[in-house]
Amino acid sequence: MSEANTPDDDERPEDADEVGRKPRKKLPFWLELPLLVAVALVLTIVIQSFVARVFVIPSESMEATLHGCPGCYGDRVLVDKLVYDFTDPEPGEVVVFHRPDTWNRSEFHADRSDNGFVRWLQGIGAKFGLAAPDEDDVVKRIVAVGGQTVRCCDERNRVLVDDKPLDEPYIHFEAEGDQQDAFQPVSVPPGMLFVMGDNRNNSGDSRIQGGGGAAGLVPVDNVIGKARVIILPPSRWQGVGDHDPQSALSAPAWQAGIPAGLGVAAAWPTLWLGRRLRGLLDGKGTR
């Protein structure tokens, strides 16, 4: 075939993908923009519903771990909604949950407009961390889980679980010398949680809700997710600690005295030796 029969490249349509196909037309901006916004909104709703959600901390009950106060710009916290599909809630974890029916006190009042449409917008904003949450969404720290008994206090004013004192470095008191209030032993049934606020004397939690006792417990099924990180304001960017108050005191003294980095360093030669032995055994088996 002669070169004269080959069409010049300059004569081909610039936007054509193949010979014979018409170039694709781009959507006008006034149609493309709302489409992009709609897609982004759908993705955000799916993520907020099934993966993670941003919550506003509305009260000071979790100070100083989480900042919040009625009517102020509280911390915005990213809550992991998937973790408890694979594991159970553990002591020390900060969780967001739906307020149980037995709880008779709310720590804050959601300022909602009397206008129905504005109130609807406020509800949508709450789901995206742009407005105060619903009064039925609560954030606390897990102190005891099913099968344990919790009470307060020992001679050093510490909470005890199964008669062992807890190590709680996160406790916050408004004034120096404050003591947390005593309460009678509470046995936590399977599937329930005993929760408390870090601002120990300014928290409506399992100790007092519904009169305390069994009425103050939180069903595991009510848990929305685990607080992972503070995302707003920027000055507060940090993870939300989940120090286990029970394991710290139950660990053997020799183990507690080992620096964390030493355990990581020791793991490498152990792993290397294990692989070498496995390789020798496998090689011996193939001979």
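Each of THR65, THR87 was scored by other Cβ atoms within 10 Å of its Cβ. Arranged with the fewest first, they read THR87, THR65.
So how do SER235, SER206 line up by other beta-carbon neighbours within 10 Å, fewest first?
By the 10 Å Cβ count, ascending: SER235, SER206.
I'd like the distance between the alpha-carbon centres of the stretch 149-176 and the stretch 184-226, rounded to an integer number of Å. Between the Cα centre of the stretch 149-176 and that of the stretch 184-226, the gap is 15 Å. Neighbour counting of Cβ atoms within 10 Å sorts the residues LYS26, LYS81, fewest neighbours leading, into LYS26, LYS81. Working from label points 7 Å from Cα in the Cα-to-Cβ sense, the ASP244 to ASN201 distance is 3.2 nm. With the highest mean first, a sort of the peptides 136-142, 74-80 on other beta-carbon atoms found within 10 angstrom per residue produces 136-142, 74-80.
For the pair LEU82 and LEU33, what calculated FRET efficiency results from E = 1/(1 + (r/R0)^6), where r is the Cβ-Cβ distance and R0 = 41 Å, to the nearest 0.05? Calculated transfer efficiency: 0.80.
Readers should treat all values here as calculations from the given coordinates under stated rules, not as data from a laboratory. The model shown is predicted, which means the values in this text are computed figures rather than measured ones. Cβ sites come from the backbone with ideal geometry, for glycine too, and all protein chains shown count toward neighbours.
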